[in-house]
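K.L.:
Got a structure for you, questions after.
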Amino acid sequence: MMKLFEDDYSIKANRLKFYRTKAWRMKRKEILERDGYECVHCKANGEFTIYEQREDGRKLLEIDHIKEIETHPHLKLDSNNLQTLCIRCHNKKHDRFQSKKNEWYMNDERW
Ligand SMILES: [Zn+2]
């Protein structure tokens, strides 16, 4: 039963916990390397957005779950469900620019 509860990623605390796991950190690095530290959306549009560490410690690239972790928790570490996106494309995908109420969500995949 506990396992089921921990897999409920509609709960923010569970998502944050997941993004702090060693398994995720390793998978994240694997996907960054696979995608050449480039945003796959920008690349498809002929632009070039690469990895960089900004002064505030935030990284420009994030790993996106193509199928959301909330609805597809079993795909959370599936390489086929993961892609490298820059913050801009990632925000666009999740429509974070328009809705202020979703602001809390922004940091989730930065861990
Ligand atoms: Zn991009």
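K.L.:
Counting just the residues of region 43-82 that are in a helix (DSSP H, G or I) and at pLDDT 95 or above, which one comes out nearest to GLU6 (Cα to Cα)? Walk me through it before giving the result.
P.N.:
Restricting attention to region 43-82, the residues satisfying the condition of being in a helix (DSSP H, G or I) are 43-44, 73-75, 79-81.
Now drop any that are not at pLDDT 95 or above, which leaves 75, 79-81.
Values: LEU75: 15, SER79: 21, ASN80: 23, ASN81: 20 Å.
Looking at residues that are in a helix (DSSP H, G or I) and at pLDDT 95 or above, I get LEU75.
K.L.:
Let me ask you something else. How many residues does region 1-42 contain that are within 17 Å of CYS86 (Cβ to Cβ) and either hydroxyl-bearing (Ser, Thr, Tyr) or in a loop (DSSP other than H, G, I, E, B) (or both)?
P.N.:
Of the residues in that region, 4 qualify.
K.L.:
For region 22-41, enumerate the residues that are exposed (fewer than 14 other Cβ atoms within 10 Å of the Cβ) and touching a helix residue (DSSP H, G or I) at 6+ places or on another chain (Cβ under 8 Å).
P.N.:
Correct list: ARG34 only.
K.L.:
I would also like to ask the following. Only residues in region 65-90 that are closer than 11 Å to TYR9 by Cβ and away from the ligand (no atom under 16 Å from the Cβ) count as the first member; pair them with residues that are modelled with pLDDT under 95 and among the hydroxyl-bearing types (Ser, Thr, Tyr), Cβ under 6 angstrom, at least 6 apart or cross-chain, and list the lot.
P.N.:
ILE69/TYR9; GLU70/TYR9; GLU70/SER10; PRO73/TYR9
K.L.:
Then there's this: Do we find a residue being under 17 Å from ALA13 (Cβ atoms), away from the ligand (no atom under 16 Å from the Cβ) and either surrounded by 15 or more Cβ atoms within 10 Å (Cβ to Cβ) or modelled with pLDDT of 85 or more (or both) anywhere in region 100-107?
P.N.:
no
The values are calculated or read from the model by the stated rules, or taken from the named source; none is laboratory data. Fair warning: this is a prediction, and the values are worked out from it, not measured in the lab. As a convention, Cβ positions derive from the backbone with ideal geometry for all residues, glycine included, and neighbour counts pool all protein chains shown.
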